[in-house]
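Colleague: Mind looking over this structure? Questions follow.
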Amino acid sequence: MPPNPSIASIRARLLGGMAAYMGRCAEDPESEAPYGQAEIDECAGILDTYAAAVEKLPKPAAPAAIMKEVERVVLALNAFDERCSVIETEERENLCDIIYLVAKDAGLEAADDITEQWRDW
């Protein structure tokens, strides 16, 4: 991920929250976690791939090129959530924040939710 400390903090909160939920489910004999560490790692990988793709864009990055990467990450997260049912309200908010901050750091100026047009979660 980029060196932006806000992004790193949100990413840690997102992945830590997912792991904590998985742990709470494991402690409850009547509950089963809907996902495991592999899915948490997959989510992290999707975000890392997005950040790396945006980082590789020519500087200054064209807004259309940034938005193409936003579309790619959102569609990847749609497929991920369809398979794993991981993304709830808190995860959605954290994911949207990360996606927005990576795009903003690359130069995108947007006042609205940049994920909404593709997002199923």
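Colleague: Give the number of residues within region 26-49 that are closer than 19 Å to Glu91 by Cα and either β-branched (Val, Ile, Thr) or in a helix (DSSP H, G or I) (or both).
Modeller: Of the residues in that region, 13 qualify.
Colleague: Now for a different question. Return a yes/no flag: does region 20-36 have any residue that is closer than 16 Å to Val102 by Cβ and touching a residue at least 24 places away in the same chain (Cβ under 8 Å). Spell out how you get there, then give the answer.
Modeller: Residues of region 20-36 closer than 16 Å to Val102 by Cβ: none.
No, because not a single residue in region 20-36 is closer than 16 Å to Val102 by Cβ and touching a residue at least 24 places away in the same chain (Cβ under 8 Å).
Colleague: So Asp97 fits all but one of (1) part of a helix (DSSP H, G or I); (2) loosely packed, with under 12 Cβ neighbours inside 10 Å; what number is the exception?
Modeller: Status for Asp97: all satisfied but (2).
Colleague: Run down Leu75, Leu108 and say which single residue is buried (at least 16 other Cβ atoms within 10 Å of the Cβ) and not charged (D, E, K, R).
Modeller: Going through Leu75, Leu108 in turn, just one is buried (at least 16 other Cβ atoms within 10 Å of the Cβ) and not charged (D, E, K, R): Leu108.
Colleague: Same structure, new question: Scan region 85-94 for residues that are assigned to a loop (DSSP other than H, G, I, E, B) and surrounded by 16 or more Cβ atoms within 10 Å (Cβ to Cβ) and jot them down. Please lay out each step first, then the result.
Modeller: Our first condition is that a residue be assigned to a loop (DSSP other than H, G, I, E, B); within region 85-94, this holds for 85-88.
Those that are assigned to a loop (DSSP other than H, G, I, E, B) and surrounded by 16 or more Cβ atoms within 10 Å (Cβ to Cβ): Val86, Ile87.
Colleague: When the residues of region 111-121 are narrowed to those that are modelled with pLDDT of 95 or more and not hydrophobic (A, V, I, L, M, F, W, C), which ends up surrounded by the fewest Cβ atoms within 10 Å (Cβ to Cβ)?
Modeller: Only one residue tops the list, namely Glu116.
Colleague: Separate question: Would you be able to tell me the number of residues in region 50-60 that are under 17 Å from Ile10 (Cβ atoms) and either outside any helix (DSSP H, G or I) or of a type in the set (Val, Ile, Thr) (or both)?
Modeller: Of the residues in region 50-60, 1 are under 17 Å from Ile10 (Cβ atoms) and either outside any helix (DSSP H, G or I) or of a type in the set (Val, Ile, Thr) (or both).
The values are calculated or read from the model by the stated rules, or taken from the named source; none is laboratory data. Given the structure is predicted, the values throughout are model-derived calculations rather than measurements. Positions of Cβ are backbone-derived with ideal geometry, glycine not excepted, and every protein chain shown enters the neighbour counts.
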